[in-house]
Amino acid sequence: MTIDRRQFLTTSTLALAGTAAPKVLLFGQAPPQTPPVTKFEDIRRNVGIFTGQGGTIGWLATPDGAVAVDAQFPATAKTCVEGLQQKSPKGIQLLINTHYHGDHTAGNSVFRPLVKTIVQQERCAQLHKDTTTKAGSSAQQAYADLTFGESWSQEVAGDKVWGYYYGPGHTGGDAVIVFEKANVVHMGDLMFNRVHPRVDRPGGASIKNWVSQLERVAKRHSDATFIFGHAKAGQPVTGPSKELLYFRDYLSAALDHVQKGIRDKTSQDEIIKVESLANFPDHVTINPNITLAGVLTAAYEELSAR
Ligand SMILES: [Zn+2]
């Protein structure tokens, strides 16, 4: 939310004049919190997405049962849980987290009383426990009941759900979740659509392996519909495999840009100081803490690590 400049000038003038203007929005005050807009959308064969605040939630729901992939934050998780309960009065069998970041796991606690099993890749489970314990927020978390290494699957609600681990990418523990019969694949934050991604190096990220796993997943599920963790405003949070290859090319371009800078003995400061990557001007920052400079810094550290 931004404050319209005209509105700011008017309200400031009113404030300066001492006019009793009720609910005047003064500069420096936080804008009123508007509740996030939430939405359920179908993809196909009882699988769809829920958008609210944080990473896109994927779901499978039939009268026999339901599955959620990721949990956003508690406020929107509540709306999601209520919607899934309506679609599936018998309850929610599984909650699967694609990775440990708060905008995908903080809502786990809302799902907890209604969900039979919470599933995470084992590296994700470790990162979730370690980071939340360190942050002193473990009491607000709901952790995994079931973890897997390379892959896992379960038949549920008329489909077969798979979790696959392709090694480090956005973090050290990202899982790709597949609804086999619906042919829908949830990428979590392995996919950012036209947005500069977070590269979580302290969490074990690897841009090089991220590039190769996008390629492997796109090839393996070439005709699937993919769910993306995040997208720029106006861009979809779902799409075909060619979008994975486009994002692979963006990450490759980031590595190439940094590699060239290192080869030319350009300083790290100079290397990361670019407005956009050549051929990828459409990628934007949606979170001020997650920028192209951050991606390039991570690439620099990765490429110069011994
Ligand atoms: Zn993330």
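We did not get these values from a lab; they are worked out from the coordinates using the rules stated. This is a predicted model, so every value here is computed, not measured. We place every Cβ from the backbone using ideal geometry, glycine too, and count neighbours over all the protein chains shown.
Give me the residue from segment 178-188 that is crowded, with 24+ Cβ neighbours inside 10 Å and in contact (Cβ under 8 Å) with a residue 60 or more places away in the chain and, out of that set, nearest to the ligand (Cβ to nearest atom). Once the filter is applied, the top-ranked residue is GLY188. Note on segment 118-167: no enclosed strands (runs of 3 or more DSSP E) hold 3 or more residues that are out of contact with any strand residue (DSSP E or B) (no Cβ under 8 Å at 6 or more places or on another chain) and surrounded by 19 or more Cβ atoms within 10 Å (Cβ to Cβ).
Report the residue count in segment 74-108 for those that are away from the ligand (no atom under 13 Å from the Cβ), outside any helix (DSSP H, G or I), touching a helix residue (DSSP H, G or I) at 6+ places or on another chain (Cβ under 7 Å) and closer than 15 Å to TYR143 by Cα.
As a first pass, look at segment 74-108 and keep what is away from the ligand (no atom under 13 Å from the Cβ): 74-96, 107-108.
Now drop any that are not outside any helix (DSSP H, G or I), which leaves 88-96, 107.
Subset that is touching a helix residue (DSSP H, G or I) at 6+ places or on another chain (Cβ under 7 Å): 91-92, 95, 107.
Keeping just the survivors that are closer than 15 Å to TYR143 by Cα gives 95, 107.
The number of residues fulfilling the criteria is 2.
For the residues VAL115, VAL81, VAL69, the requirement of being under 26 Å from ALA218 (Cα atoms) and buried (at least 17 other Cβ atoms within 10 Å of the Cβ) singles out VAL69. Of the residues making up segment 222-259, those that are aliphatic (A, V, I, L, M) and part of a helix (DSSP H, G or I) number 7.
Per-residue answers, yes or no, for (1) under 21 Å from ARG201 (Cα atoms); (2) buried (at least 20 other Cβ atoms within 10 Å of the Cβ):
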position: ARG220; (1), (2): no, no
position: GLU243; (1), (2): no, yes
position: LEU251; (1), (2): yes, yes
position: ALA254; (1), (2): yes, yes
position: GLN259; (1), (2): yes, no
position: GLU275; (1), (2): no, no
position: ASN287; (1), (2): yes, no
position: VAL295; (1), (2): yes, yes
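The combined condition, being of a type in the set (A, V, I, L, M) and either part of a helix (DSSP H, G or I) or more than 16 Å from the ligand (Cβ to nearest atom) (or both), is not fulfilled by ALA205.
Which one of GLY54, GLY58 is of a type in the set (Gly, Ala, Ser), within 16 Å of the ligand (Cβ to nearest atom) and either part of a strand (DSSP E or B) or free of Cβ contacts under 8 Å to residues at least 12 places away in the same chain (or both)?
Every option except GLY58 fails the conditions.
Each residue in segment 147-161 was checked for being touching a helix residue (DSSP H, G or I) at 6+ places or on another chain (Cβ under 9 Å) and closer than 18 Å to HIS186 by Cβ, and 2 pass. Given the options GLN235, GLN259, GLN213, GLN268, name the one that is in contact (Cβ under 8 Å) with a residue 24 or more places away in the chain and under 27 Å from PHE40 (Cβ atoms). Testing whether each residue is in contact (Cβ under 8 Å) with a residue 24 or more places away in the chain and under 27 Å from PHE40 (Cβ atoms) leaves just GLN235. ARG198 satisfies every condition listed in (1) touching a residue at least 12 places away in the same chain (Cβ under 8 Å); (2) assigned to a loop (DSSP other than H, G, I, E, B); (3) away from the ligand (no atom under 12 Å from the Cβ); (4) over 28 Å from PRO63 (Cβ atoms) except (3). Out of THR225, THR171, one residue alone is among the hydroxyl-bearing types (Ser, Thr, Tyr) and buried (at least 24 other Cβ atoms within 10 Å of the Cβ). It is THR171.
For PHE192, the criteria (1) within 10 Å of the ligand (Cβ to nearest atom); (2) among the hydrophobic types (A, V, I, L, M, F, W, C); (3) without any contact (Cβ under 8 Å) to a residue 40 or more places away in the chain hold in every case but one, which is (3).
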